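Student: Dumping the structure here so I can ask a few things about it.
The values are calculated or read from the model by the stated rules, or taken from the named source; none is laboratory data. Note that the structure is predicted; figures quoted are calculated from it, not measured. Neighbour counts run over all protein chains shown; Cβ positions are idealised from the backbone, glycine included. In case anyone asks, the SASA skips ligands and DNA or RNA and just uses the protein heavy atoms, side chains included. Shrake-Rupley method; radii C 1.70, N 1.55, O 1.52, S 1.80 Å.
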Amino acid sequence: MQTFRRRLCKLDLSPGAPVRQNARMLAAKCGIDAAELLHIAICRAAKPGAARPDIDLVPYLTMLMRSIVSGIAKARRRAAEYGVAVPLQYVSEQVPSCRSILDPVREIQRDQERNYFESLLGELHGGDPLMVKLVDAIGMNMRGTRIEKELELDTTELASLRRRLKRNAFKLAAREGLQFL
């Protein structure tokens, strides 16, 4: 087990590495994620008694990935013989869980709140396209020089735009009885 871990630590897992290329090629055949396929192969190789010190790690992992893909293809063929196979993700989207059952009253309240705050945001920027971009940039957690580059402004222009936004926000908050945190 320790030798496998040492060998795995030395393995090149960069995007262009042979083992990653093999994973992409094999995963494309059965329509699964290449990183997931490689992860499953590494987990299988790490099981006690599965270590093969006489084989290089890349061919060994590739062999395991081929086996996994073969098993998936075989299971899909069997499922097709016995009837229509429905993906689990589709089923989970169709069957509501206890968290996804919605209370109509709460949903109406949420929609009203969302509409209210959207209208406040509309008043905040006042239709100024530069202010709209600033509000969006702040909403995307952009700060300082990144906003300057995004809006193509210098520091002074950005500072005055922010002050104007802040003044508008304070006016709206005072009018609506809202508090800043």
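Student: Tilt of helix 104-125 relative to the longest C-alpha principal axis of the chain, in degrees (0 to 90, nearest 10)?
Tutor: 60 degrees
Student: Using a cut-off of 14 Å between beta-carbons, work out the net charge of the residues near L57 (Lys and Arg +1, Asp and Glu -1, L57 not included).
Tutor: That sum, taken over residues with Cβ under 14 Å, equals +4.
Student: Would you mind calculating the relative contact order of the stretch 11-73 from Cα pairs under 8 angstrom and at least 6 residues apart, reporting the percent as a whole number?
Tutor: Rounded, it is 36 percent for the stretch 11-73.
Student: For the chain, calculate the relative contact order in percent as a whole number, restricting contacts to Cα pairs under 8 Å that are 6 or more residues apart.
Tutor: About 14 percent, as a whole number.
Student: Right, something else. Ranked by accessible surface with a 1.4 Å probe, highest first, in what order do L8, L178, L61, L165 come?
Tutor: L178, L8, L165, L61
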